[in-house]
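The values are calculated or read from the model by the stated rules, or taken from the named source; none is laboratory data. Here the structure is a predicted model, which is why all the values come from computation and not from measurement. Glycine also receives a Cβ, built like all others from the backbone with ideal geometry; neighbour counts cover every protein chain displayed.
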Amino acid sequence: MMRLSGARRLFLLQLAASGFLPLRLARAALAADQLPAGLSFPRDYGAHPETQIEWWYLTGLLSREGAAQPDFGYQLTFFRRRGPAPEAHPSALAARQILLAHAALSDLRPGGRLRHDQRMARSVPGLNEAALNDCRVRMQDWSLRRLPGSGPDRYEAAMQSRSAGFALRLQLQASQPPLLQGEQGLSRKGPQPDQFSHYYSQTQLRGEALLSLDGRDQTLQGLSWLDHEWSGNLLGTARAEAEPASAAAASEQAIGWDWAGINLLDGGALTVFQLRRADGSRLWAGGSWRQPDGRVLNLQPEQLSLRPLRHWTSPASGAVYPVEWLLRTPQGEQRLRTLLDAQEVDARASTGMRYWEGASELLDGAGRRSGLGYLELTGYAGPLRLL
C-alpha cells in the first residue's frame, strides 16, 4: 500500500482547512493511510506510543481444583495514554506518556464482594513503563509480561493491593494463536473510515494463580482472556477539531459501549460489542466467533443483536446497568448474565469514570452453561471520557 508522505498529509489538511476539500474526504484519505497490512508479532505485543490510547486487558475466572463453580473473577488492566507533553519536550520528567492501571477481584462465593484498586502515573523507565518490542507493562509492583521462547505464548502477571486486601500472581499459557479481531486485526468501531482500532485477543489462556486474600494464601486454576487494543481516537467518539459541532456530528459519537469476551466450553471463543449513542441507540456493533476447529467468523453489525433482560442499580452511583442480555449471533440465541451483580468499578481517580466490569456466564438455548468470561459496560454512569 502506498503511504502518504508528511508533506502530502499536511497538504490534505490545508485543503480541508481552506474549504477546498470536504473534511470527510480528507479524514477518509488520512484514515486509509493508517490501515495496517497486518499485525506483526512479537512487535505488536508491545506498546504503540504514537497512538492516542492503548490497553492490555487481562480478565479471568479462577476456582479450586475440582470445583464445579468459579470462586473468583479478576481483572488487571494497563492503559497507556499519549501526552499531555509533546515527545520533543526537553525535560526528562515531562509527561510524554501516561500509564493507568486497574486491578479488581470479584469474590463469587456466597456473601462475596468486589475489591478493586487503581493507579495513575507518568511513564518512567524502570518504574512505570510499557515496552515497545513485546508485552512488558508495569506500574511499580503491578506487571504483565510475555515470556520469550518458542512454542505457545506464555504470560505472567502480578498485582497486589494493601488497601483492597488481596494479591494475585498468575502463570498463563496460550492454547491457541492470537485471535485477530475484525479484518486481520483491524476492528471497525463506527460508520466513518477513521473509526477503527487495532485489536487482537489471546483467548483460552490456561493457567494457575496464587491468591492471597486477607492474609490467607490459596492456589487456584482457570481460564483467562487478554485483549490488546490501540487506536488513534476513542473508538468512534473522536471528532476532528476542525469539524464544527452539529447535531448530526453528535449523533455519530458514542458515549459508551457494551462488550463481552467469553471462553467457550467447547474450546472456542465469542467476542461481542456494541457502541451506544447518547439516546441509547446503537452506533456500531461487531465481534468474532472462533469455532473449536480454529475457524473465525468476523461478526458484522447485522449479524449481532444484544437485548437487555435484567438491570441492576448501583447504590453508590445510581447508575442502572444491564447485567443480563439476550444475544443473537450466528451461534444461535443465548443468554449472557453476571455471576455477581455488584461489580461496578469506581475509577474516577484514574480514568475519571465509573464502569461495570464483571465475571459472567453464557447460557445456551436450553439454559446450560456454554462459556465463562467477562462483561464490560461503560457510559451508564456518565459519558465515557478517556482522552
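Would a scan of the stretch 120-140 turn up a residue that is closer than 19 Å to residue 72 by Cβ, aliphatic (A, V, I, L, M), assigned to a strand (DSSP E or B) and at pLDDT 95 or above? Checked against the condition, which is being closer than 19 Å to residue 72 by Cβ, aliphatic (A, V, I, L, M), assigned to a strand (DSSP E or B) and at pLDDT 95 or above, the stretch 120-140 yields no hits at all. When restricted to residues that are over 22 Å from residue 109 (Cα atoms) and touching a Phe, Trp or Tyr at 6+ places or on another chain (Cβ under 7 Å), the stretch 311-343 contains 5.
Residues of the stretch 254-282 that are of a type in the set (Ser, Thr, Tyr), over 27 Å from residue 224 (Cβ atoms) and crowded, with 18+ Cβ neighbours inside 10 Å: none at all. Just one of the listed residues (161, 175) is among the polar types (S, T, N, Q), more than 20 Å from the chain's Cα centre (by Cα) and under 24 Å from residue 40 (Cα atoms), and it is 175. Inspect the stretch 87-106 for any residue being free of Cβ contacts under 8 Å to residues at least 60 places away in the same chain and either basic (Lys, Arg) or under 28 Å from residue 360 (Cα atoms) (or both) and give the result as yes or no. Scanning the stretch 87-106, I find at least one residue that is free of Cβ contacts under 8 Å to residues at least 60 places away in the same chain and either basic (Lys, Arg) or under 28 Å from residue 360 (Cα atoms) (or both), so the answer is yes. The strands (runs of 3 or more DSSP E) found entirely in the stretch 285-361 that carry 1 or more residues being surrounded by fewer than 20 Cβ atoms within 10 Å (Cβ to Cβ) and more than 20 Å from the chain's Cα centre (by Cα) are 305-313, 320-329, 332-338.
Taking each residue of the stretch 45-65 that is closer than 19 Å to residue 232 by Cβ and looking for partners that are in a helix (DSSP H, G or I) with beta-carbon atoms closer than 6 Å, six or more apart or interchain, yields nothing. One residue stands out among those in the stretch 149-174 that are among the small types (Gly, Ala, Ser) and in contact (Cβ under 8 Å) with a residue 60 or more places away in the chain: the one that is nearest to residue 286 (Cα to Cα), which is 157.
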